[in-house]
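Only one structure is covered here, and it is reproduced in the block below.
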Amino acid sequence: MTSCHVIEDPIKKVAIFGGTHGNELTGVFLVKHWLENGTEIQRPGLEVKPFITNPRAVKKCTRYIDCDLNRVFDPGNLGKKMSKDLPYEVTRAQEINHLFGPKDNEDSYDIIFDLHNTTSNMGCTLILEDSRNDFLIQMFHYIKISLAPLPCYVYLIEHPSLKYATTRSIARYPVGIEVGPQPQGVLRADILDQMRKMIKHALDFIHNFNEGKEFPPCAIEVYKIMEKVDYPQNENGDIAAIIHPNLQDQDWKPLHPGDPVFLTLDGQIIPLGGDGTVYPVFVNEAAYYEKREAFAKTTKLTLKAKSIRSSVH
């Protein structure tokens, strides 16, 4: 007899967030479409709510107004007393937490899909925050299989100091979706189609789960963040070297010690240090220049999930 990891309750409430960053247009475009006509995202017995998270930033087609909405969902900001002096995104975070959270409250949303674009060549990417979450590993496995032969990568941001307080973190099951490359403030049909398919497969998985389908044990390959790499700087704190052509667009590809990483304007090559192979992600991401992040180093792992099923039947 197969041992099951039984999830007590079926999934009831799902939110799809677009516009957490107002210049990442695929999520904005899809959410606005689904607000007008949500037929394709509806599933029997499931409440699916599309939602524009940062409407002011969307209107201005900018990443944010005062601060990054995807970094302020921590207890400190969510607990601040409301006042006109609060940054717009902190006020908005409190509103979103009230509407969709707080986490583990019986009225909070079970799953939040937060839709993002990256200027990096990352293709279809699912972001996982918890390596021990059997439900999400099973969902990600289902999405990866359903998208094949199109590759779909899983980025694990479980880290003691590099994990940040995401907009989606107020749900029991937070899911980040990144699709790129796409310039800021631009729509691409191929990128939109990929993101749309990711959401379709995710909702199909939830529907199957709610119907009582058992998902057998599975394993997925993930890329776990190790550290973020800053651009080289001069004495004034300005960027002194750019991403080397050999690294540009090579997200998820192995990067070995001694491989070129940066290039100065006078032709000096700065290689990767250390003694182990890493896998770069968010290579030359436009939004991360202000954060001084040229790319993130990851290591490749395999995560396993137990068999799961809903207790609905």
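Things worth noting here:
- Failed criterion for Ser108 (all others in (1) in contact with a helix residue (DSSP H, G or I) (Cβ under 6 Å, 6 or more places away or on another chain); (2) modelled with pLDDT under 95; (3) hydroxyl-bearing (Ser, Thr, Tyr) hold): (1)
- Residue check, Asp238 open to solvent by 30 Å² or more (accessible area, probe 1.4 Å), over 22 Å from the mean Cα position of the chain (by Cα), at negative phi and free of Cβ contacts under 8 Å to residues at least 60 places away in the same chain: yes
- Residue in segment 28-44 that is farthest from the chain's Cα centre (by Cα), counting only those that are open to solvent by 80 Å² or more (accessible area, probe 1.4 Å) and touching a residue at least 24 places away in the same chain (Cβ under 8 Å): Pro44
- The number of residues in segment 57-68 being open to solvent by 80 Å² or more (accessible area, probe 1.4 Å) and in contact with a helix residue (DSSP H, G or I) (Cβ under 6 Å, 6 or more places away or on another chain) comes to 1.
- Condition check for Lys253: at pLDDT 95 or above, surrounded by fewer than 20 Cβ atoms within 10 Å (Cβ to Cβ) and closer than 20 Å to Leu156 by Cβ: yes
- In the condition set (1) of a type in the set (A, V, I, L, M); (2) outside any helix (DSSP H, G or I); (3) modelled with pLDDT under 95; (4) surrounded by 13 or more Cβ atoms within 10 Å (Cβ to Cβ), Met82 is compliant with all but (4).
Condition check ((1) under 27 Å from Val186 (Cβ atoms); (2) without any contact (Cβ under 8 Å) to a residue 40 or more places away in the chain; (3) of a type in the set (Ser, Thr, Tyr)) across all residues:
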position: Thr53; (1), (2), (3): yes, no, yes
position: Thr62; (1), (2), (3): yes, no, yes
position: Cys67; (1), (2), (3): yes, yes, no
position: Asn77; (1), (2), (3): no, no, no
position: Tyr88; (1), (2), (3): yes, yes, yes
position: Ala93; (1), (2), (3): yes, no, no
position: Pro102; (1), (2), (3): no, no, no
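- Matching residues in segment 266-288 - criterion: being within 24 Å of Thr119 (Cβ to Cβ) and either buried (at least 17 other Cβ atoms within 10 Å of the Cβ) or without any contact (Cβ under 8 Å) to a residue 12 or more places away in the chain (or both): Leu272, Val278, Tyr279, Pro280, Val281, Phe282, Val283, Asn284, Glu285, Ala287, Tyr288
- Glu47 passes every criterion in (1) open to solvent by 70 Å² or more (accessible area, probe 1.4 Å); (2) over 25 Å from Leu187 (Cβ atoms); (3) free of Cβ contacts under 8 Å to residues at least 60 places away in the same chain; (4) out of contact with any Lys or Arg (no Cβ under 9 Å at 6 or more places or on another chain) apart from (4).
- For segment 157-193, the set of residues classified as in a strand (DSSP E or B) and over 26 Å from Glu106 (Cα atoms) consists of Glu178, Val179, Gly180, listed by residue number.
- Test: Asp114 is farther than 21 Å from Phe29 by Cβ and either surrounded by fewer than 17 Cβ atoms within 10 Å (Cβ to Cβ) or charged (D, E, K, R) (or both): no
- One residue alone among Tyr153, Tyr142 is more than 26 Å from Gln184 (Cβ to Cβ), open to solvent by 10 Å² or more (accessible area, probe 1.4 Å), among the aromatic types (Phe, Trp, Tyr) and at pLDDT 95 or above, and that residue is Tyr142.
The values are calculated or read from the model by the stated rules, or taken from the named source; none is laboratory data. What you are looking at is a predicted structure, and each value in this text was computed from that prediction instead of being measured. Note that we place each Cβ from the backbone using ideal geometry, even for glycine, and neighbour counts take in every protein chain shown. Protein only, heavy atoms only, side chains kept; ligands, DNA and RNA dropped before computing areas. Shrake-Rupley method; radii C 1.70, N 1.55, O 1.52, S 1.80 Å.
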